[in-house]
Amino acid sequence: MFQSLRRADALTVTLAAAGILMVTMGIRQSFGLFISPLNNTTGMGVATISLALAIGQFTWGAIQPLAGAMADRYGPRMVLVVGLMILALGCAMTPLVREGFGLTITLGLLAAIGSGAGSFSVLIGAAAQRLPAESRGVASGVINAGGSFGQFIFAPILQKLIQSMGWMGTMWVMAITTLATLPLIGKLTGAMPKAPMHTAHDEKLGPAVWEALKNPSYLLLHAGFFTCGFHIAFLVTHLPGEVSLCGLPASVASWSLAIIGLANVFGSLYAGSCVARYRSKYVLAVMYGSRALLIAWYLLVARTEWNYYLFAAGLGFTWLATVPPTAAIVGKLFGTRFLATLFGLTLLSHQIGGFLGAWLGGIAITRFGDFSWMWYADMALATLAALVNLPIKEAPIIRLEPQPQTT
């Protein structure tokens, strides 16, 4: 009876975290659909809008370690509540702006801070501290799949809403949807007691962060995750523009984003299972290498509707499936006490890449009229990411317990 109850509680925690991520990531990953209608209404220019979204990519990453540290110190409940309310505010205020500075405030700062506080570092960290060790790999895959499922659901629905009620009304719908997610926080934070902390030195955040930043494997992990951010931010921001350049309807872009999300549901679940069976660094190397090959294929084939869907399915399988093995390596190296903070720092590297992917994409289309150089850069970085993961040492760091002093 006890084991049955424990499994039920673990399932509640996992699904609640997945549900929150479904909304925050589904909204955030669909902002690229708003570039064209927003530009048509305000005349800001694609480069200006891309810069605001690029700042949002960086801000989303920058808030991860801060939100993670707050969750590690005070618990995740208040971090998530405040984050979702800020995300709703950012979406609700966006229709009121008419210049680049205002867009930077609403989508570049508010929406990014809110979605970041309700994202991977806080959610996976909260779940990991409430689940047995043997369940964490699979749980992180399920949570990650929730974010991908959100992209699958939100992209086509939001595209339809934009066409039927306009981009302003769609932004307000996203704000209401975000607020409707608040009850899930209680399911995540209240279903199981937080694991007790055991040693005094484990409770000091500063030394734990300093120890991590001196670890070569942790830094190599950051380098690979930087590429992941570049790749994802470029695509979610500029795939609609790429589709438009090929003379295809906007629905191809929204369905491509949806297919990416659906494929990543399966990819995330598979990645979560691989964490328990294989070395995570090899899982990451294969994922990044496959992206380089898929981009090369895309550059060689005709730009047709079905080739876009095939491309989306291939990329989608590894899209955010890098998160479970990346979080697993951080957990193996440093434990779960400060997982939200340390994985949040890794996500900051991810989003520095994301800033460059979104921003440089806007510069490329403005100066050269297409995204060719971005595709070449993306392919080269994916190859490099596959290589830098191989030297990572996954063996956990052995910490010596302080010895009692003798007199």
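Those residues that are part of a helix (DSSP H, G or I) and under 15 Å from the mean Cα position of the chain (by Cα), I need them from the range 316-331; list them, please. Outline the logic, then answer.
Quick first cut of the range 316-331, residues part of a helix (DSSP H, G or I) only: 316-318, 323-331.
Within the range 316-331, Gly316, Phe317, Thr318, Val323, Pro324, Pro325, Thr326, Ala327 meet the criteria.
Note on the range 77-106: residues that are assigned to a helix (DSSP H, G or I), over 16 Å from the mean Cα position of the chain (by Cα) and either among the hydrophobic types (A, V, I, L, M, F, W, C) or over 18 Å from Met25 (Cα atoms) (or both) total 20. State yes or no: is Leu400 modelled with pLDDT of 85 or more and either part of a loop (DSSP other than H, G, I, E, B) or closer than 20 Å to Ala54 by Cα (or both)? The answer is no for Leu400. Against the list (1) within 25 Å of Leu235 (Cβ to Cβ); (2) among the hydrophobic types (A, V, I, L, M, F, W, C); (3) buried (at least 24 other Cβ atoms within 10 Å of the Cβ), the condition Phe149 fails is (3). Looking for something within 15 Å of the chain's Cα centre (by Cα), of a type outside the set (Gly, Ala, Ser) and modelled with pLDDT under 90 - is there at least one such residue anywhere in the range 155-170? Scanning the range 155-170 turns up no residue that is within 15 Å of the chain's Cα centre (by Cα), of a type outside the set (Gly, Ala, Ser) and modelled with pLDDT under 90.
Starting from residues that are aromatic (Phe, Trp, Tyr), surrounded by 20 or more Cβ atoms within 10 Å (Cβ to Cβ) and modelled with pLDDT of 85 or more, keep the ones in the range 343-370 and report whichever is nearest to Ala328 (Cα to Cα). Please lay out each step first, then the result.
Here is the first cut: in the range 343-370, the ones aromatic (Phe, Trp, Tyr) are 343, 355, 359, 368.
This time we only want the ones that are surrounded by 20 or more Cβ atoms within 10 Å (Cβ to Cβ), so: 343, 355, 359.
From what is left, the residues that are modelled with pLDDT of 85 or more are 355, 359.
Details: Phe355: 25, Trp359: 30 Å.
That would be Phe355.
Filtering the range 35-44 to residues that are surrounded by fewer than 19 Cβ atoms within 10 Å (Cβ to Cβ) and touching a Ser or Thr at 6+ places or on another chain (Cβ under 8 Å) leaves only Ser36. In the range 118-129, the condition of being in contact with a helix residue (DSSP H, G or I) (Cβ under 6 Å, 6 or more places away or on another chain) and either farther than 18 Å from Ala18 by Cα or outside any helix (DSSP H, G or I) (or both) is met by at least one residue. Return yes when Leu310 is hydrophobic (A, V, I, L, M, F, W, C), surrounded by fewer than 24 Cβ atoms within 10 Å (Cβ to Cβ) and closer than 22 Å to Ala155 by Cβ and no when it is not. Answer is yes for this residue.
Only residues that are of a type in the set (Val, Ile, Thr) and either over 30 Å from Pro207 (Cα atoms) or part of a helix (DSSP H, G or I) (or both): list them for the range 333-373, please. Can you show your working first?
Within the range 333-373, the first condition is being of a type in the set (Val, Ile, Thr), and the residues that meet it are 336, 341, 346, 352, 363, 365-366.
Listed by number, the residues that qualify are Thr341, Thr346, Ile352, Ile363, Ile365, Thr366.
Scan the range 114-126 and tell me whether some residue there is modelled with pLDDT under 95 and surrounded by fewer than 24 Cβ atoms within 10 Å (Cβ to Cβ). Scanning the range 114-126 turns up no residue that is modelled with pLDDT under 95 and surrounded by fewer than 24 Cβ atoms within 10 Å (Cβ to Cβ). Taking the listed residues Val323, Val301, the one that is within 24 Å of Trp373 (Cα to Cα) and either at pLDDT 90 or above or not acidic (Asp, Glu) (or both) is Val301, with no other qualifying. Only a single criterion out of (1) without any contact (Cβ under 8 Å) to a residue 24 or more places away in the chain; (2) within 19 Å of Leu320 (Cβ to Cβ) is not satisfied by Met93, namely (2). Residue selection: Ala258 satisfies the criterion of being under 19 Å from the mean Cα position of the chain (by Cα) and under 20 Å from Ile35 (Cβ atoms). Of the residues in the range 219-226, at least one is at pLDDT 85 or above, crowded, with 24+ Cβ neighbours inside 10 Å and touching a Phe, Trp or Tyr at 6+ places or on another chain (Cβ under 9 Å).
The values are calculated or read from the model by the stated rules, or taken from the named source; none is laboratory data. Everything numeric here is computed off the predicted structure, so don't read it as measured data. Because the Cβ atoms are built from the backbone with ideal geometry, glycine has one as well, and the counts that use them run over all protein chains shown.
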